[in-house]
Amino acid sequence: MNTTNQHDKKLRIGVIGTGAIGVDHIRRCTHTLSGAEIVAVSDVNIDNAKKAVTPHNPNAKAYESGHDVINAENVDAVMVTSWGPTHAEYVLSAIKAGKFVFCEKPLATTIEDCDKIIQAEQAHGSRLVQVGFMRPYDKDYRALRKMIADGAIGTPLMVHAAHRNQNVGENYVTSMAIFDTLIHELDVLRWLLDDDYISAQVIFPRQTSHTHAKLRDPQIVLLETKSGVRIDVEVFVNCQYGYDIQCSVVGEKGIVSLPDPAAVALRSDAKLSTPILTDWKERFIDAYDIEIQEFIDGCKTGKIKGPSSWNGYVAAVAAEACVKAQETQAKEAISIPERPAMYK
Ligand code: NAI
Ligand code: ISE
């Protein structure tokens, strides 16, 4: 997008993948955020794309192919919200077209594809890609990070975290616990600690009866960082009771923990109770709003700032070690190369 005098013009966005999060991002761009409009949509299931064209998005056109969205003349920026394994193809195509692209996590499902994206972006010469890691935009994760950086708990020693989903479908398999679910922790915890991972191990406890043949559930992932912090993350995607994200950092002189989301307390029937959320859309709603607004504003000024392809690449390197550790049941090394200058 030509950035001269563009601040008042709406950023015209094309969305590829109009499933759960694609539709939710279309809603927030249309009703909640400022400075953008949806002008193109596509989905491998064209009926999904057509349903995303509503009276609220009168200028949106449904395309059969994601590549037609990327190359449409009136599309300034692209949002990739299709299934993970399809991301790399669209992100590479957007870079080739020289367009800004917001790609939902994961950036790609293999290290090789993340590497291709990093190479293509560097060849372009400046950042075009923002990856949909929204937790660093969450006010409570930000408060944790500030407390750690300010020395409130002394040197961090351990992290105990949990990522629980109420349930998942039959197409969710064992490796997805890593590259679809744990990938959030893989990104946010190294940001929180300002550290990098050196090893991963995966433990399979007794299985829940609510899983299926192709999914080990729950799992415990053990990570070790360069500075020696030990991290355990419980990933439990059929926990039944709700959508529950926990994180405590134990330091030399104290502990900081994520609060549970604010909820009204009910006293009734000789009980004191508070509801627990069940849907990721609600748990991080403010963080999604801030990340996408920052993307819109960044595209309009010609400089995007959010999580980069490098974040996507590093998360993929760590994720691949975790998936290997699922298979070998051994401790696997994580080796992260030098960060290229463009991402410093
Ligand atoms: P979904 O299954 O609800 O929607 C995905 C859509 O992509 C479907 O409509 C499907 O037909 C379409 N699609 C699949 N292959 C395609 C292709 N080659 N071209 C165009 N469209 C294609 O999945 P959901 O939950 O919306 O997830 C989409 C992506 O967003 C995933 O990468 C997921 O990891 C990520 N996500 C991120 C979240 C976050 O917290 N940041 C939360 C939920 C999802
Ligand atoms: C989903 O794709 C998300 O990103 C959610 O935040 C996560 O909790 C869930 O496990 C993933 O499948």
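The values are calculated or read from the model by the stated rules, or taken from the named source; none is laboratory data. Every value quoted in this text rests on a predicted model; they were computed, and no experiment measured them. Cβ: placed from backbone, ideal geometry, glycine included. Neighbour counts: every protein chain shown. Just so you know, the surface numbers come from the protein's heavy atoms only, side chains and all, with ligands and any DNA or RNA stripped out. Shrake-Rupley method; radii C 1.70, N 1.55, O 1.52, S 1.80 Å.
Phi angles of the range 175-186 translate, via the Karplus equation with coefficients 6.51, -1.76, 1.60 and θ = phi - 60°, into HN-Hα couplings of 5, 5, 4, 8, 7, 9, 10, 4, 3, 4, 5, 4 Hz per residue; Gly and Pro are given as x. When the Cα positions of TRP191, CYS114, SER227 are compared along the charge dipole of the chain, TRP191 comes out farthest toward the positive end, with charges on each C-beta of Lys, Arg, Asp and Glu.
Please go through the residue pairs LYS99/LYS300; LYS146/LYS331; LYS105/LYS331; LYS214/LYS281; LYS51/LYS214; LYS96/LYS300 and name each one whose alpha carbons sit more than 22 Å apart in this structure. Long pairs (Cα-Cα over 22 Å): LYS146/LYS331; LYS105/LYS331; LYS214/LYS281; LYS51/LYS214. Residues whose amide H comes within less than 5 Å of that of ASN238, counting only those at least five positions distant or on another chain, are ASN165 (H built at 1.01 Å from N in the peptide plane). Where Lys and Arg each count +1 and Asp and Glu each count -1, what net charge lies around GLU332 among other residues with Cβ under 14 Å from its Cβ? Once positives and negatives cancel, what remains is -1. Extension gain, THR86 to ASN45: 0.36 nm times the residue separation minus the Cα-Cα distance gives 13.4 nm. Rolling a 1.4 angstrom probe over the protein heavy atoms with all chains in place gives the chain an accessible area of 46 Å² per residue. Counting only residues at least eight positions apart within a chain, or on another chain, the aspartates and glutamates with an alpha carbon under 17 Å from that of LYS9 are GLU37, GLU73, ASP76, GLU294, ASP297. In the chain, the calculated helix contribution to ellipticity at 222 nm averages -9500 deg cm²/dmol per residue, counting -39,500 (n - 2.57) for every DSSP H run with n ≥ 4. Shown for the range 156-199: the carbon plus sulfur share of the solvent-accessible area, taken with all protein chains present and a 1.4 angstrom probe, equals 50%. Separation of the range 97-128 and the range 145-191, taken as the distance between their Cα centroids, equals 23 angstrom. Sites count as exposed loop sites when they are GluC sites (Glu not before Pro), lie in a DSSP loop, and have at most 11 other Cβ atoms within 10 angstrom; the longest stretch of the chain without one is 74-169.
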